[in-house]
Amino acid sequence: MYEEARNTCRIPVFPNVTVGWDPSPRTDPVGPWQPSVYPYSQELQGNTPEAFGSAMHRAVDRVSHLPGETMVTVNAWNEWTEGSYLEPDTVYGMRYLEELRRAVSIAAPETACVA
């Protein structure tokens, strides 16, 4: 999907890696279910630091060989309600941030920058 978008879009395309997504806490538990409408959208499940690290490795590897400026975006730093956050927590500690650092520094150790 990334390669297709990069080859067909007239604007820069950057891959995005997410930690997870679960907007269900924002839904109305007694109201009608509205499929495909936020916050009644799909959930991403099975989120672990290892799965995030694997996705980061693939995304960084894809862009590290491209000419010019490249980047990978990450969703999100602190979307706690939606279950999408990189901040340390009591379950995984610093492991998401460690996976991020590992993926970036392995792909391009001389130019690795985590902003």
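Throughout, read-outs are computed from the coordinates displayed, never taken from laboratory work. Computed from a predicted model, the values in this text were never measured in an experiment. Backbone-built Cβ (ideal geometry, glycine too); neighbour counts: all protein chains shown.
Here are the numbers for the structure shown:
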read-out	value
Amide H within-cut-off set for W21, under 5 Å, with H built and near neighbours excluded	L44
Hypothetical label at F14: residues of segment 43-57 whose amide nitrogen lies under 19 Å (7 Å Cα-Cβ projection)	53, 55-57
Given charges at beta-carbon only (K, R positive; D, E negative), |dipole| of segment 14-107 in Debye	260 debye
Chain lengthening between E98 and N7 when straightened (0.36 nm per residue, less Cα-Cα)	29.6 nm
Rel. contact order, % - alpha carbon contacts under 8 angstrom, at least six apart, the chain	29 percent
Zone of I106's modelled label, taken as backbone nitrogen in segment 36-50 under 16 Å from a point 7 Å along Cα→Cβ	48-50
Sites E69 and T27, calculated FRET efficiency, Cβ-Cβ separation with R0 30 Å, nearest 0.05	0.15
Estimated 222 nm signal from helices in the chain, with DSSP H stretches of n ≥ 4 weighted -39500 (n - 2.57), rounded to 500	-9500 deg cm²/dmol
Student exercise, segment 57-99 dipole from Lys, Arg, Asp, Glu Cβ charges, in Debye to nearest 20	200 debye
Radius of gyration, Dmax [the chain; alpha carbons; angstrom]	16.3, 54
Farthest toward positive dipole pole in segment 14-107 [+1 Lys/Arg, -1 Asp/Glu at C-beta], among V37, N75, T27	N75
